[in-house]
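Bear in mind that the values in this text are calculations on the coordinates, not laboratory data. From a predicted model like this one, the values you see are computed outputs, not experimental measurements. For neighbour counting, all protein chains shown are included, and Cβ atoms are generated from backbone atoms with ideal geometry for every residue, glycine included.
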Amino acid sequence: MQSFLSDLQPGERAIVKTLPQDQLLSTRLREMGLLSGTEITYIRKAPLGDPLEIKIRGYSLSLRLKDAATISVEKIL
């Protein structure tokens, strides 16, 4: 079963599998350090549900929910 970054719950960890097909968005995410194979930790959602915060490579990154829904991940148990 395929999971997406937007499906994670606070505190869950995952490995990025694929980035979105949209070349512009994919390039922007790679420039921020979100690469295939990178481990991330889901921190929290904003009070109204958008954006969400993840921890990646030692720093916090906020992503729009619609962008997070295009990033497939594999949960780490």
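A few points about this structure:
- ILE43 satisfies every condition listed in (1) outside any strand (DSSP E or B); (2) β-branched (Val, Ile, Thr); (3) touching a Lys or Arg at 6+ places or on another chain (Cβ under 6 Å) except (1).
- Whichever residue in the range 24-40 is in contact (Cβ under 8 Å) with a residue 24 or more places away in the chain and assigned to a helix (DSSP H, G or I) and, among such residues, is farthest from GLU12 (Cα to Cα): LEU25
- Checked across the range 45-56, the condition of being touching a residue at least 24 places away in the same chain (Cβ under 8 Å), surrounded by fewer than 16 Cβ atoms within 10 Å (Cβ to Cβ) and more than 10 Å from the chain's Cα centre (by Cα) holds for no residue.
- Filter result (of a type in the set (A, V, I, L, M, F, W, C) and surrounded by 13 or more Cβ atoms within 10 Å (Cβ to Cβ)) within the range 20-29: LEU25, LEU29
- Top-ranked residue in the range 8-19 [being surrounded by fewer than 16 Cβ atoms within 10 Å (Cβ to Cβ) and out of contact with any strand residue (DSSP E or B) (no Cβ under 6 Å at 6 or more places or on another chain); ranked as farthest from ALA68 (Cα to Cα)]: GLY11
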